[in-house]
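Below is one structure, written out as structure tokens; comments come after it.
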Amino acid sequence: MTRLRFACLVLVAVCSIGCAAVVSYPDVRGDALGPADARADVVAIPDVPVLPDVVDIPVLPDVQGSNLPNGSPCGADAQCTSGICIRSPRLSGTCGVACTREVDCLVMGSGVHCALDRPASGPRWVCSTVEGSSALAGQDCTSDFECFSNACDGIACHGPCMADSECSPTFRCGAWAVAGGSVQACRFTPITGVSVEDFQLFDGTSVVDRGVSDRLIIVPPDVVSLTYIVQDMVGQELWAAIPRLEAPDGTLLIDGTRWNGITEQPTREIIYEHQVNAAYAPTNNTLRLAPGFYRASFSLVNDRTAMTSVNMRRMRVVLRIKRAPGGVVTSGTLHLRVFLVGTLAGGLTAATARSNARLQAAVATMTMMYAGAGIRLVVDNYADIGGADGTTYGTIDSRVELEQLFTRSSTTTGDVINIFMIRGISMAAGLGGAIGVAGDIGGPPGVQGTTHSGVVVSWETTFGGGRDLLPQTMAHECGHFLGLWHLVERVPGCTSPGQMDCAPFGGIDAITDTPNTMGASQPYLMNWFTDGTNNRVSPGQAQVLRYNPVVGQ
């Protein structure tokens, strides 16, 4: 099996595009108190004394009266000394006190929680028991009374808060609209348009080759895509792995125990990559992410082919959630940054880039292709890589040089694809005569300065014979970075787990509306070869591009 971790574009009679790596990775796995019995003592009734003719009879508290202490049955706020009568169904039905977080109610004994009361005057958090409750804030639920907080959105229990740090991953602390009003609670951030949020799931020391316990996160109903990013924060020699991703219904979107070259999975993912890895879902036009609880595992792994031996390492795991009203994205904007590496033909530099006719024609053609997918293209800026780096990386002679060049994107910030314009890629690099290479299929979004942070495009070997292949090469490699695979690979699909010189997953893409034969796929941008005319992007491919978190508004 060809073990390339990069997606490449090659010049063979016509120009062609390579395939991604195939690797195997094993799976990484990561009381209730009852009420106390109450017993009343039985005592003898004393003799009733003889009362005088005139006595003062004390006035006893009346449930319908006022100034009732906490714990007294009540029917209205005005009756309670605290000004709060808790009277929502399944709550205590007594005078009580307000709370702003769960800890406020701990001193009130077992079974008392900061729960949502819903009187006609508006919702509020109060210290109360909730009959039948058993779930903590952030756990799954279908009705309010299942939650200690008496607050369920049909997916998860919500609880009170004063800061984001008190909330479960993917929840933020803020105003939550409920019962005709709002309360301060841990909830999904309200959106009015397309939104991308980052949530840190782990940042600390991890045992290499073992990983961390599974992380459980809650996904909102308007989810568009999920991208898990695991990164080695110390060096570049270890593999970053995402070997397992489980959907709310138990479906394994990624299952490292079954990963091989012939096993298609709901989400295509190279199980591990050097330094950083991103698992992006969905990578096809048929998988619809359901709201609910997702479980994933992560690890750093020694590269045994290089005899790497590391015991402990700092690892960071970030989840990016892209959301949109109704869970649908119809348009977006893709930002590019172009690095001009070394001495390029025609004197192309950052200073001349915006007036260079060939480069700007290529950008215009790529802009047209992506516009057909509903994506607006913006080149933020051009930058030079000169000096020793320009000399070393102007022509890529090895995969090590390729990874090192991608790390030169550390000056970039935000959601942008880095395009490194170089002279060419030598045959010594072992990339099959490629004229373009993507750092990964589904590159790490918003993470710069890593061994996979960008794409490489040849400036000089994409032009010849009267055909300029630069536009297709740029657009094709960016398509890989955003999660698209070749429609059909150069080599046949793998038919056995240990087979060599074959393409994974049957050698075809996972999009349902693209042809998977060489002849029929020729007009498409993501074909493995180009003659300078293949500009087509199918609706299914366009959806995968738009749903990627790098594509913003």
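Read the figures in this text as sums done on the coordinates, not as results from a lab. This is a predicted model, so every value here is computed, not measured. Glycine gets a Cβ as well: all are built from the backbone with ideal geometry, and neighbour counts include every protein chain shown.
Of note:
- Helical mean residue ellipticity (222 nm; -39500 (n - 2.57) per DSSP H run of 4+; nearest 500) of the chain: -3000 deg cm²/dmol
- Peptides 531-538, 187-194, 403-410, ordered by how many other C-beta atoms sit within 10 Å of their residues on average, highest first, read 403-410, 531-538, 187-194.
- DSSP bridge analysis restricted to the chain gives an antiparallel fraction near 75%, rounded to the nearest 5.
- Here segment 451-553 is treated as an ellipsoid with the same Cα gyration tensor; its semi-axes, largest first and in whole Å, are 22, 19, 15.
- Vicinal HN-Hα couplings computed from phi for segment 450-466 (Karplus, 6.51 cos²θ - 1.76 cosθ + 1.60; Hz; Gly/Pro x): 10, 6, 10, 8, x, 10, 10, 10, 7, 7, 9, 8, 9, 9, x, x, x
- Over 26 Å [Cα-Cα, segment 379-536], rounded percent: 29
- Simple spin-label estimate for Ala78 and Thr305 in nanometres, 7 Å along Cα-Cβ: 7.9
- Gap separating the Cα centres of segment 514-542 and segment 219-241, nearest whole Å: 29
- Kirkwood's formula applied to the C-alpha pairs of the chain gives a hydrodynamic radius of 26.5 angstrom.
- Electrostatic dipole magnitude of the chain [Cβ: Lys, Arg +1; Asp, Glu -1; Cα centre; debye, to 20]: 1840
- In this simple spin-label approximation, Thr100 and Arg314 carry label points 7 Å from Cα along the Cα→Cβ vector, and these lie 3.4 nm apart.
- Each residue of segment 380-396 was assigned a 3J(HN,Hα) from its phi angle through the Karplus curve 6.51 cos²θ - 1.76 cosθ + 1.60 (θ = phi - 60°); the sequence is 5, 6, 10, 9, 8, 10, x, x, 4, 5, x, 5, 5, 9, x, 10, 7 Hz, with glycine and proline shown as x.
- Other residues with beta-carbon under 14 Å from the beta-carbon of Ala383 carry, at +1 per Lys or Arg and -1 per Asp or Glu, a net charge of 0.
- Segment 84-187: C-alpha pair distances exceeding 22 Å, %: 18
- Separation between Cα centres of segment 100-143 and segment 309-356, rounded to whole Å: 45
- Each residue of segment 298-314 was assigned a 3J(HN,Hα) from its phi angle through the Karplus curve 6.51 cos²θ - 1.76 cosθ + 1.60 (θ = phi - 60°); the sequence is 9, 6, 9, 10, 5, 7, 6, 5, 9, 6, 6, 9, 10, 8, 10, 7, 6 Hz, with glycine and proline shown as x.
- Prolate/oblate/rounded label for segment 502-547 (Cα gyration tensor, a/c 1.5): oblate
- For segment 71-116: span of alpha carbons on each principal axis (Å, largest first): 26, 20, 16
- Charged neighbours of Arg337, selected by a Cβ distance under 15 Å, balance to -2 (K, R count +1; D, E count -1).
- Charge tally in the Cβ shell below 12 Å around Gly132, where Lys, Arg are +1 and Asp, Glu are -1, Gly132 excluded: -2
- Intensity falloff of segment 195-327 expressed as log10 I(q)/I(0), Debye formula with alpha-carbon point scatterers, at q = 0.16 Å⁻¹: -0.79
- In a simple Cβ point-charge model (Lys, Arg +1; Asp, Glu -1; nothing else charged), segment 365-464 has a dipole of about 160 debye relative to its Cα centre.
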